[in-house]
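Presented below is the structure to which this report refers.
The values are calculated or read from the model by the stated rules, or taken from the named source; none is laboratory data. The structure presented is a predicted model; accordingly, all values stated were derived computationally and were not measured. Backbone-built Cβ (ideal geometry, glycine too); neighbour counts: all protein chains shown.
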Amino acid sequence: MKAQSPIAVPTDVYLSFVTSLFGNRQTLFAGMATHIITYAVVYAKTVDAFYLWSLAAFIIVCAYRIYWFLEFDSAEKSYFSREEIAVWENRYLVGGVATTALLGVGSAYAIAVAQDQFAMFACVTVTLASMVSVVGRNYGSNKAVNFQTLTACLPMMLSFVLVKDPYMAVFAGLLVPFLMTTRLMANGVRDFLYKNVLAKRAMAELVDRFDMALNTMPHGLFMLDASNRILVVNRKACELLHLGDQERLKDCDLDIVLRYGARHSFIDGSLPALIHRQLAQLVDGTLSRTMLQFSEDLFLEFSASRRPDGVVVLIFEDVTPRVRAERRVLHMVRYDPLTGLPNREYFGDLILEQLDELPSDALLGMMVLDVDEFKHVNDMKGHIAGDRLLCGIAERLRDVVGDDAIIGRLMGDQFVIFLSGAQSAEELNDRIRQIHTDMRGHYDVDGSQMRITFSGGSLVIPKGQFRMEEWQIKVDLALFEAKYRLRGTCAPFEQEMDARYIDQQRLKVELRDAVENDALHLVYQPMYRPDGSMVECCEALSRWIHPTRGAIPPTNFIALAEEMGIVSDITAFVIRRACRDAVLWEGGMAVSVNLSVHDLRSEDIIGVVKEALAESGLAPERLRLEITESCLVEEPGTVENILLTLRNMGMTIALDDFGTGFSSLSYLDSLPVDVVKIDRSFVRNICEDSRRLKLLRGTVNLTRELGLKITVEGVETWEQLDLINRYYCADLVQGYVFSTAIAAGEVAAIARNQTRGLAAKVN
Ligand code: C2E
Ligand code: CA
Ligand code: CA
């Protein structure tokens, strides 16, 4: 065992050694008292002044030592430097060595000089006894042990030798092993203590680290004994469960502790039964991991591990952000982000869930609501206003349908409602009608009130016949019917609709064939000067004579072609044919062609027109293009560019059906339009209703102000024509009053007559 030198040991251990020197007061004071009394008695026996001086010296050393002991007690030791500790060691050493030196010299004097038997016996005994206490008291200082044993033993050994007694010399020799063993014992004690101190220190460090790890880990932790009492709890656990002071929880029952926490954090103030049960399952090992919801703001995921001795470690983590994120994702997947209503898929899921709960003879109602003219709201007011309108509609829908219905947003401007719980089909139909009526009305769109109507399709069906994959087709068919027959109504599904739908699909196929095989043909409706003197232009109108169904109205097949995306093929056909026909018309009579919204979405139309003109040789000035207001709101930039290009080539642009759309006069000014064709709805009642006439005149005046020419459409009677002429409402008149649409050859005849008439007049 190696003796620890103060240089080798760490400062704190050195301090603890030096502190040990200043401890053990009883043995020290007992020793000092023994020394004083012994030397007093020896002096009394020998009356030798040497022992009186020794006595005085003992008292002084004793005072010195007491003084430094008291000083040491009051010193602030925790900040001692190594040097300061060494100073204290030396202070101790001075007192200790002075004492042993006095004892050693006293004994030597008794042996060699006084040669008094009692003095010899008393001094040597006291000295050797004190040597024993050196081990117990001074193990902390190597120096103290060495100096004290040496100063005590050396004078004695010297005196034994001095008396030249061989027995004494042997005894003196025996003091050497005594001296050595004393040193060894002291060193042994010091080493043992040193190791202990280090071990304790390592343990404290380990505890510190463990504590730090425990209290800085992001998880909450409870270690419970077999009877559910808390052995260990960390800071995070206290924080997450609002348990207050960590120290106070040791040895408490977990249930009671959680109830205490419950008072601070749980909504209803008592630990909900579910949490209680699940925790018990974790503790007893039935569950190894589970998530517990403590409140809307606190979700904790617990995992438990059990040891064979019944100790359970519960680790839990705050997973609230994760749960919230998952919920958000789920919400995003299930709900329409704009209106917050279930989307199509989730709506389907909700229906399936509800179906499970309904009796087999239950009646179900499905309803789709489609906002009429929603596109125009978007076009006119912008998409943000459109979005707000949809939100407003969703909100009203929630109020109107009641809690027992499921509602959703199918797409765009279509909402869907699932109803159940009615006793009869009649009741369910009434409810559907009521919802349709209640939804109609004024909505706030960008601060202004807009009247909104809905087209609806509905289906009432017993649960037994309900098919998830069919309901939507059926409701859509009903909606289609409502939209195309009478907008703003709600049509119930009827079996014939299926047939009509199939029929419509067939018609589409046939239309495609007709377009591909040039089976359409054109007729031309002349536009006359208001006095009827001359035809300036003829409008090309398409006709489709179906082999079995007869004439199909252009409004129908043009709409179909638009739906199918083939309307531009029709336009190209019309432009080509019209140019070819018109080039034969004498007198420079113009031809006018209708363009569809789809035609103005791409610049292809420019190529089509150029080609037709080049192929026929018709002067561009003789070609007029009619567009509707809806063309202008779609992609104003593109449309404007296309129209400008066409106009720059020499063509005239006419705005058709003016007054039927949503648009105002404001954009007429900025767009490349030359002619406005006022819709026949303006003309219809002008003879009977003076306000209608005023409206027509007002519109005409405003249009003229903008420098545009006016064609009035749909003039059917002479009375109407008279009024129009009286107020100079038209530059051209188109209508049955002069002519219906006629064949190209007839137009050619009119053109020929006109030029001849003109020639006759000139001649
Ligand atoms: P539109 O461009 O307004 O054409 C005028 C329509 O009004 C024609 O019906 C014409 O026959 C009708 N009409 C003319 N005068 C009178 C009248 O005095 N009283 C009444 N009640 N009606 C009159 P049509 O030929 O049935 O065409 C209907 C619509 O179909 C056209 O309206 C046009 O929008 C569309 N259309 C016709 N042909 C084509 C085409 O080739 N391409 C495109 N894109 N659309 C076409
Ligand atoms: Ca037209
Ligand atoms: Ca028109």
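Within the range 616-636, being modelled with pLDDT of 95 or more, acidic (Asp, Glu) and either within 16 Å of residue 606 (Cβ to Cβ) or away from ligand 3 (no atom under 13 Å from the Cβ) (or both) holds for one residue alone: 621.
Taking the range 293-409 as the region of interest, the strands (runs of 3 or more DSSP E) fully inside it that hold 2 or more residues being charged (D, E, K, R) and over 30 Å from residue 629 (Cα atoms) are 298-306, 312-318. Of the numbered criteria (1) more than 12 Å from ligand 1 (Cβ to nearest atom); (2) on the phi < 0 side of the Ramachandran plot; (3) at pLDDT 95 or above, the one residue 650 fails is (2).
Out of 681, 663, which single residue is at pLDDT below 95 and within 15 Å of ligand 1 (Cβ to nearest atom)?
On the way: 663 fails: within 15 Å of ligand 1 (Cβ to nearest atom).
Result: 681 is the single residue among 681, 663 that is at pLDDT below 95 and within 15 Å of ligand 1 (Cβ to nearest atom).
Counting the residues of the range 506-548 that are of a type outside the set (A, V, I, L, M), away from ligand 3 (no atom under 16 Å from the Cβ), part of a strand (DSSP E or B) and surrounded by 17 or more Cβ atoms within 10 Å (Cβ to Cβ) gives 2.
Looking across the range 678-702, the residues that are within 16 Å of ligand 2 (Cβ to nearest atom) and either over 59 Å from the mean Cα position of the chain (by Cα) or not in a loop (DSSP other than H, G, I, E, B) (or both) come down to 678, 680, 681, 682, 683. State whether the residues of the range 560-578 include one that is within 16 Å of ligand 2 (Cβ to nearest atom), over 20 Å from residue 744 (Cβ atoms) and surrounded by fewer than 17 Cβ atoms within 10 Å (Cβ to Cβ). Taking every residue of the range 560-578 in turn, at least one turns out to be within 16 Å of ligand 2 (Cβ to nearest atom), over 20 Å from residue 744 (Cβ atoms) and surrounded by fewer than 17 Cβ atoms within 10 Å (Cβ to Cβ). Only one entry in 44, 86, 57, 40 is among the small types (Gly, Ala, Ser) and surrounded by fewer than 12 Cβ atoms within 10 Å (Cβ to Cβ), namely 44.
Being within 18 Å of residue 38 (Cβ to Cβ), in contact (Cβ under 8 Å) with a residue 60 or more places away in the chain and not in a helix (DSSP H, G or I), is that true of even one residue in the range 105-126? The answer is yes; a qualifying residue exists. Applying the condition of being farther than 29 Å from residue 723 by Cα and not polar (S, T, N, Q) to the range 747-763 and asking which residue is surrounded by the most Cβ atoms within 10 Å (Cβ to Cβ) yields 748.
Return the residues of the range 174-185 that are buried (at least 18 other Cβ atoms within 10 Å of the Cβ) and modelled with pLDDT of 85 or more; say none if nothing qualifies. Of everything in the range 174-185, nothing turns out to be buried (at least 18 other Cβ atoms within 10 Å of the Cβ) and modelled with pLDDT of 85 or more.
Screening the range 448-470 for residues that are assigned to a strand (DSSP E or B) and over 38 Å from the mean Cα position of the chain (by Cα) and picking the one that is farthest from residue 431 (Cα to Cα) gives 462.
Output the number of the condition that residue 13 fails; it satisfies all remaining conditions of (1) of a type in the set (Val, Ile, Thr); (2) touching a helix residue (DSSP H, G or I) at 6+ places or on another chain (Cβ under 6 Å); (3) at positive phi. The number of the failed condition is (3).
Conditions (1) farther than 30 Å from residue 114 by Cα; (2) assigned to a helix (DSSP H, G or I); (3) at pLDDT 85 or above, marked per residue:
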{"position": "145", "(1), (2), (3)": "no, yes, yes"}
{"position": "152", "(1), (2), (3)": "no, yes, yes"}
{"position": "172", "(1), (2), (3)": "no, yes, no"}
{"position": "187", "(1), (2), (3)": "yes, yes, no"}
{"position": "190", "(1), (2), (3)": "yes, yes, no"}
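Taking the condition of being assigned to a helix (DSSP H, G or I) and farther than 21 Å from residue 479 by Cβ, how many residues in the range 420-436 meet it? Number of matching residues: 2.
Which members of the range 549-572 meet the condition of being assigned to a helix (DSSP H, G or I) and within 8 Å of ligand 1 (Cβ to nearest atom)?
554, 555, 558, 567, 570, 571
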